[in-house]
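Okay, so here's the structure we're looking at.
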Amino acid sequence: MTERLRRRLLDAHRPTLGTVFDCADAVAASFDGGTTTERERVVPPFRTVLREADALEALVGAWAESLSHAGYELPARPVAEPPYVVVTSVGVVLRATVSEGRLVATLRTFDVDPYERAGTLPEALTVEHRGR
């Protein structure tokens, strides 16, 4: 189930995922020496750049389409807000609750301690089933 979702995201929505990495690159370019120890220099700017690039809406669409393609029905249309899409200090997390439990996709764009730009596709994308 999770590998099918991961493959769909990578195969059908790679440009959207690439935009997320472009946004992470823009944020990381502001770090002195390529790193920072301040979460505030990562999450709020990353969220802003993603929103300005319409990447959050595109991610919601990619996630919903991938879930549908994999045969899942969502109880409600996901939106580009928590709990469906969360911008974190490591990247973007997509969540969906389905009859089998919770599905979580993480697009890891930053390492922590110190924060620095990290991750490339396809390795940076993980999809997990987290039970009920």
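Of the residues THR88, THR109, THR97, THR120, only one is surrounded by fewer than 19 Cβ atoms within 10 Å (Cβ to Cβ) and under 11 Å from the mean Cα position of the chain (by Cα); which? Result: THR88 is the single residue among THR88, THR109, THR97, THR120 that is surrounded by fewer than 19 Cβ atoms within 10 Å (Cβ to Cβ) and under 11 Å from the mean Cα position of the chain (by Cα).
In the stretch 105-132, the residues that are without any contact (Cβ under 8 Å) to a residue 12 or more places away in the chain reach residues that are of a type in the set (Ser, Thr, Tyr) and buried (at least 18 other Cβ atoms within 10 Å of the Cβ) with C-beta atoms within less than 8 angstrom, at least six apart or across chains, in these pairs: ALA118/THR109.
Quick one: is ALA58 outside any loop (DSSP other than H, G, I, E, B), among the small types (Gly, Ala, Ser), under 15 Å from the mean Cα position of the chain (by Cα) and under 17 Å from ARG4 (Cα atoms)? Talk me through it step by step, then tell me what you get.
Numbers: outside any loop (DSSP other than H, G, I, E, B): yes; among the small types (Gly, Ala, Ser): yes; under 15 Å from the mean Cα position of the chain (by Cα): yes; under 17 Å from ARG4 (Cα atoms): no.
Criteria not met by ALA58.
Looking at the structure I just gave you, is VAL49 in a loop (DSSP other than H, G, I, E, B), in contact with a helix residue (DSSP H, G or I) (Cβ under 9 Å, 6 or more places away or on another chain), of a type in the set (Val, Ile, Thr) and within 23 Å of ASP22 (Cα to Cα)? Judged against the criteria, VAL49 is not a match.
The set of residues from the stretch 1-46 being surrounded by 13 or more Cβ atoms within 10 Å (Cβ to Cβ), in contact with a Pro (Cβ under 9 Å, 6 or more places away or on another chain) and not in a helix (DSSP H, G or I) comprises PHE31, THR35, THR36.
Values quoted throughout were computed directly from the atomic coordinates according to the rules given, and no laboratory measurement underlies them. Nothing here was measured: the structure is a model prediction, and the numbers come from that model. Positions of Cβ are generated from backbone atoms using ideal geometry, with glycine treated the same way; all protein chains shown enter the neighbour counts.
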